[in-house]
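Asks: Please find one structure pasted underneath; my questions will follow.
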Amino acid sequence: MLMLNKKLNPKTTAELQLSLPFDQRVKSRLRVTLSDGREAGLDLPRGDVLRHGDVLCSDGGEYVRVVAAPETLSVVRTSDAMLRARICYHLGNRHTAIEINSMFISYQHDHVLDAMVIGLGAEVTVEELGFEPEAGAYHVHSQHAHH
């Protein structure tokens, strides 16, 4: 079985892809299926989070690009900066992994959290998107953690 055990510069060209949801991109040991249907194994250092666009290499020199698989997310879009800040505060206060970007805030779908966000005055939609949450204040960031 192909073992992917090294992370390379994301600018490296890779024809093969590995599509994983976020909860699998935080695991250092995992059996996976590549875009060509072959099985492979991840054998990466503990605590190394795979991000969309990362390139992995096998001992045999095969390159594989990581893709953030679409997953069910709750998505909040608002141009109200104060409301965005309040939503991020309340979600963070519940230790919820969230993605914050210029277009929206998202988190793994949870109807209880949706009700809280709606109670704060925002609308929530449920969408299938790739999920790239913030690494966290105490997490060591890789050079290319944010895109």
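Every residue, every condition in (1) in a helix (DSSP H, G or I); (2) under 23 Å from SER19 (Cβ atoms); (3) of a type outside the set (Gly, Ala, Ser), yes or no:
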site: VAL64; (1), (2), (3): no, yes, yes
site: SER74; (1), (2), (3): no, yes, no
site: ALA85; (1), (2), (3): yes, no, no
site: CYS88; (1), (2), (3): yes, no, yes
site: VAL126; (1), (2), (3): no, yes, yes
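Asks: For segment 92-106, indicate whether the set of residues that are within 23 Å of VAL49 (Cα to Cα), of a type in the set (Phe, Trp, Tyr) and in contact with a Leu (Cβ under 7 Å, 6 or more places away or on another chain) is non-empty.
Replies: no
Asks: Can you say whether SER58 is among the hydroxyl-bearing types (Ser, Thr, Tyr), surrounded by 17 or more Cβ atoms within 10 Å (Cβ to Cβ) and modelled with pLDDT of 95 or more, as far as the supplied structure shows?
Replies: In short, no.
Asks: Determine which member of the set LEU83, LEU73, LEU113 is in contact (Cβ under 8 Å) with a residue 24 or more places away in the chain and over 20 Å from the mean Cα position of the chain (by Cα).
Replies: Only one candidate passes the filter, namely LEU83.
Asks: Okay, next question. Looking at (1) outside the structural domain of VAL112 (by TED's automatic domain parsing); (2) assigned to a strand (DSSP E or B); (3) touching a Ser or Thr at 6+ places or on another chain (Cβ under 6 Å), which one does SER19 not meet, given that it meets all the others?
Replies: Looking at each condition in turn, SER19 falls short on (3).
Asks: Here is a further query. Would you confirm whether any residue within segment 36-53 is free of Cβ contacts under 8 Å to residues at least 40 places away in the same chain, over 11 Å from VAL67 (Cα atoms), surrounded by 14 or more Cβ atoms within 10 Å (Cβ to Cβ) and not aromatic (Phe, Trp, Tyr)?
Replies: yes
Yes/no matrix, rows are residues, columns are (1) in contact (Cβ under 8 Å) with a residue 40 or more places away in the chain; (2) surrounded by 14 or more Cβ atoms within 10 Å (Cβ to Cβ); (3) polar (S, T, N, Q); (4) not assigned by TED's automatic domain parsing to the domain that holds LEU56:
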position: LYS7; (1), (2), (3), (4): yes, yes, no, no
position: PRO10; (1), (2), (3), (4): yes, yes, no, no
position: THR13; (1), (2), (3), (4): yes, no, yes, no
position: THR33; (1), (2), (3), (4): no, no, yes, no
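The values are calculated or read from the model by the stated rules, or taken from the named source; none is laboratory data. None of the values given here were measured: they were computed from a predicted structure. We place every Cβ from the backbone using ideal geometry, glycine too, and count neighbours over all the protein chains shown.
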